[in-house]
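Quick notes on the structure that follows.
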Amino acid sequence: IRIWPAALLLASLFSTGAQAATFIVNDASDNPDMTLGDGQCYIIGGGCTLRAAIEEANASPGPHIIQFDFSGTPVTISPGTSLPALAQRITIDGYAGGTGTPNTLATGHDALIRIRLDGANISGAASGLTFQFGSAGSVVRGLAITRFSWYGLSLSSGAANDITIAGNFIGTDGSGTGGDETGALANAIIGIEIANGAAGATIGGPAAAD
């Protein structure tokens, strides 16, 4: 039996509670976080980008949550270079707070995805979201992930276990029209890569929303 001094126990509990954070992305640019590791997603000039949110989440132990708030407007986030790999347990949720609406139909879909991550502006090989050591248990929901020159999502580390990818549109924006109709929105190599010993991944799920 290990008995901790009261002060040490309180310090430990406070530290654990302070680690988890929710970051709200409200800027569609690709600017980095201004002060890495301060627990705040904030870019020069104000706002929080997806890049800055991942950077800040990676800077301290999770689990963390990344959500979006663009006042209901559909947004395409087009990074200029590869986004940082997820290195902590992170839930990226494009449905949270009513940003999007998950599917409810058994046949067809009525999902409304308003957050699209698009790789068309990146030169060279790049994947949309990459999971690496430390990201076990991460979740991605409610995103469209299109036009990356490598993979839409890459689970390519033996430590990237128990990742859930559910309720997303991979290589499509779900419209069935325009570039989506011709396949022009597809990710070039593979939609989702699971390799190098990554285990326990859940892709989709039994519910219509997945």
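The values are calculated or read from the model by the stated rules, or taken from the named source; none is laboratory data. Predicted model, so just to flag it, every value in this text is computed and none were measured. Virtual Cβ from ideal backbone geometry, glycine too; neighbours counted across all protein chains shown. Remember, those area values only see protein heavy atoms, side chains included, never the ligands or the DNA or RNA. Shrake-Rupley method; radii C 1.70, N 1.55, O 1.52, S 1.80 Å.
Just to check your reading of the model, which residue among Asp173, Asp180 is surrounded by 15 or more Cβ atoms within 10 Å (Cβ to Cβ), within 13 Å of Ile113 (Cβ to Cβ) and free of Cβ contacts under 8 Å to residues at least 24 places away in the same chain?
Asp180
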So which residues in the range 28-51 are touching a strand residue (DSSP E or B) at 6+ places or on another chain (Cβ under 9 Å) and free of Cβ contacts under 8 Å to residues at least 24 places away in the same chain?
Ser29, Gln40, Cys41, Gly47
Evaluate the following for Gly100: is it in contact with a Leu (Cβ under 9 Å, 6 or more places away or on another chain), of a type outside the set (Phe, Trp, Tyr) and more than 19 Å from Leu83 (Cα to Cα)?
yes
Matching residues, the range 123-157, being open to solvent by less than 20 Å² (accessible area, probe 1.4 Å) and β-branched (Val, Ile, Thr)
Val140, Ile145, Thr146
Looking at the range 73-120 only, could you name the residues that are more than 24 Å from Ala57 (Cβ to Cβ) and open to solvent by less than 40 Å² (accessible area, probe 1.4 Å)?
Asn103, Ala111
Which one is surrounded by the most Cβ atoms within 10 Å (Cβ to Cβ), of the residues in the range 31-54 that are touching a Cys at 6+ places or on another chain (Cβ under 8 Å) and part of a helix (DSSP H, G or I)?
Ala53
Positions within the range 96-136 being in contact with a Lys or Arg (Cβ under 6 Å, 6 or more places away or on another chain) and more than 16 Å from Ser149 (Cα to Cα), in sequence order
Thr99, Gly100
For the list (1) of a type in the set (A, V, I, L, M); (2) at pLDDT 95 or above; (3) surrounded by 22 or more Cβ atoms within 10 Å (Cβ to Cβ), I need the number of the one condition that Ala160 fails.
(2)
Strands (runs of 3 or more DSSP E) lying entirely in the range 118-162 (those with 1 or more residues that are farther than 14 Å from Gly94 by Cβ, within 12 Å of the chain's Cα centre (by Cα) and among the aromatic types (Phe, Trp, Tyr))
129-131
Going residue by residue through the range 183-192, is there one that turns out to be assigned to a loop (DSSP other than H, G, I, E, B), surrounded by 14 or more Cβ atoms within 10 Å (Cβ to Cβ) and either without any contact (Cβ under 8 Å) to a residue 40 or more places away in the chain or touching a helix residue (DSSP H, G or I) at 6+ places or on another chain (Cβ under 6 Å) (or both)?
yes
